[in-house]
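Notes for the one structure printed next.
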Amino acid sequence: MKFYDLMTMALQNLSRRKMRTILTMIGVVAGTGMLVFMVSLGLGAQQSIQEMLEGMGDLTIIEIYNYGGGANQAVLDDKAMAQIQAMDGVLVATPFYNANADLLMVSGKQDRYQMNMYNVVGVYPQALQYLGYEYLEGSGFTENSPPYTVVFGQYAAYEFRDNKKKPGFNRVDPYPDANGKIKDPFVDVMHDKLIIRTNTNKEGAKQYEYKVTPAGILKEDWGKGYETSRGIFMDINDLKRMEADYNKANGLKKEEKKGYEQAKVKCTDIKMVGQVEEAIQAMGFNTYSQESQRKPLEDWVQQQQLFYGIIGGMTLFVAAVGIANTMYMSIYERTREIGVMKVVGCFVTDIRSEFLLEAGTIGFCGGIIGVLISYLFSFLSNYFGFSLGGMGGMMGGGGGSSMSIIPPWLALGGIVFATLVGLLSGFFPSNRAVRISALEAIKHD
């Protein structure tokens, strides 16, 4: 028999006993709808947690600390940084270096505007472009940039003071006035001439000067560090050179530092953070990343998702029993019909296919309706902000995150799964149908 003929017969047989078919299908609808909706809650929770942690910082960044290390503590130097850079899953690794030097950035006639450069941070020139900073103007620097190229934080220009004004009145604050407007800083760091000088405490000592090349202005993001607000980035080699000149001008010996105090590592993917962090810790360094907060929260969500998935699975199991019961009853009622089909020459595979199609149709139609209902529940949960089992608090109940997310693969998977449940439920009844003796079936009332 052709598939079209088998499908037509299956639909006719199901329509003969509409109430039984509908009641059987309700179980599939409930199971599929609950299963898809519960999984959607877990997906919504995962997205909400990720957005929450991203607001606290880059999820792929690992911070390394090396403050006040003892004699036996590992040294965070360029050799160690190269070793970290070579690890699998590392996109870029760079120290965050603060120079021990009194540096001054000046601008304007007779150096009217001055800024003490306590906020300057040196990084590897090839690293800045990979650290995920956003720019309001310009861009970052690379190893090919001119010497003393710098990138300013969004409000770093407000650190300039006007030396012709009294203390307390010699700065511009980056806050709105009564009219809601923010005043411009004294210096336009992207267009005005900027010079860095080494301060000196020795009379007659040489004062070194460096012409600054501005590259860009960062968008403030405290989740990625204070440097995006009032900090200044520059090539670590330029910063070390200025520090050496400062020590030379002031007759200071180079301070022996046991490596860098801080570094940051950018991973290629969030899934690599845990592996890379463990490898860095194995080298003897202290680290921090969002992984320590993300993993427990993600595990909790998965436990909740598994629990509710089991509930949905149990509902589908009950629906499968209902489908099997319906098929067995159908076989019992149609025993004589099965015998006639065998006598007239129907293939055994056609008889089996007939009952499998009926069971699969119940699963398929129930799956479609169940997925549609899960979309309705998803819309209602997102609109009204309610949740099950206290999951709402983890899913951004009051924020912009969706509590329930049903991607296309989940909807399609729900329909396919429900159809498979129907087919499996009809497998044993269909085998019983093909084993019925044709002669005994014809004699059956």
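Just so it is clear, none of the values below were taken in a lab; they were calculated from the coordinates. As the structure is a prediction and not an experimental result, all values here were calculated from the model. Positions of Cβ are generated from backbone atoms using ideal geometry, with glycine treated the same way; all protein chains shown enter the neighbour counts.
Remark: CYS365, CYS346 ranked as CYS346, CYS365, counting other beta-carbon atoms within 10 Å and listing the fewest first. Potential lengthening of the chain between TYR65 and THR142 amounts to 25.2 nm, from the contour at 0.36 nm per residue minus the alpha-carbon distance.
Computed from Cα positions, the angle between helix 18-56 and the longest principal axis of the chain comes to roughly 10 degrees. Taking trypsin sites (Lys or Arg not before Pro) across the range 176-214, the ones in a DSSP loop with at most 16 further Cβ atoms lying within 10 angstrom of their Cβ are LYS181, LYS183, LYS193, LYS202, LYS206. Net charge dipole, the range 97-259: roughly 600 debye, given to the nearest 20, about the Cα centre with Cβ charges of +1 for Lys and Arg and -1 for Asp and Glu. The distance separating the Cα centre of the range 60-133 from that of the range 242-303 comes to 11 Å.
A cut-off of 5 Å between modelled amide H atoms, ignoring neighbours fewer than 5 places along the same chain, links THR149 with THR213, ASP235. Selection among GLN304, ILE232, ALA205 by position relative to the dipole of the chain gives GLN304 as farthest towards the positive end (Cβ unit charges, Cα centre). How much of the DSSP bridge set in the range 97-259 is antiparallel, in percent, rounded to the nearest 5? Counting DSSP beta bridges with both partners in the range 97-259, the antiparallel share is about 70 percent. Loop-located chymotrypsin sites (Phe, Trp or Tyr not before Pro) in the range 80-135 (DSSP state other than H, G, I, E, B) with a sparse environment of at most 14 neighbouring Cβ atoms within 10 Å: TYR118. With axes computed from alpha carbons, what is the tilt in degrees of helix 3-16 against the longest principal axis of the chain, rounded to the nearest 10 within 0 to 90? Taking Cα atoms only, the helix is inclined about 80 degrees.
The range 1-44 and the range 178-235 have Cα centres lying 68 Å from one another. If the chain linking ARG17 and ILE195 were pulled fully straight, counting 0.36 nm for each residue of separation and taking away their Cα-Cα distance, it would gain 55.1 nm.
Between ASN144, MET242, GLY413, the Cα set farthest toward the positive side of the dipole of the chain (charges on each charged residue's Cβ, about the Cα centre) is that of GLY413. Counted residue by residue at 0.36 nm each, then reduced by the alpha carbon distance between them, the extension gain from VAL75 to MET87 reaches 2.6 nm. If the elastic network links every pair of Cα atoms under 10 Å, which of ASP177, ASP269, ASP235 fluctuates the most in the Gaussian network model of the chain? It is ASP177.
Name the shape class, rounded, prolate or oblate, that the alpha-carbon gyration tensor gives for the range 97-259, where a ≥ b ≥ c are the square roots of its eigenvalues, rounded holds for a/c under 1.5, and otherwise prolate holds if a/b is larger than b/c and oblate otherwise. Cα axes put the range 97-259 in the oblate bin. Between the exposed loop cleavage positions of the chain, defined as GluC sites (Glu not before Pro) in a non-H, G, I, E, B DSSP state with at most 10 neighbouring beta-carbon atoms within 10 angstrom, the longest gap is 257-445. Dipole magnitude for the chain: about 660 debye, using +1 per Lys or Arg Cβ and -1 per Asp or Glu Cβ, origin at the Cα centre. The calculated P(r) of the range 172-303, using every Cα pair and 5 Å bins from 0, goes 2, 7, 10, 13, 13, 13, 12, 11, 10, 6, 3, 1, 0, 0, 0 in percent.
Close amide H pairs (under 5 Å, H built 1.01 Å from N) link ILE405 with LEU41, LEU43, GLY44, residues at least 5 positions away or on another chain.
Axis of helix 408-425 versus longest Cα principal axis of the chain: the two differ by about 30°, to the nearest ten degrees.
Measuring r between the beta carbons of VAL318 and TRP409 and using R0 = 25 Å, the FRET efficiency lands at 0.45.
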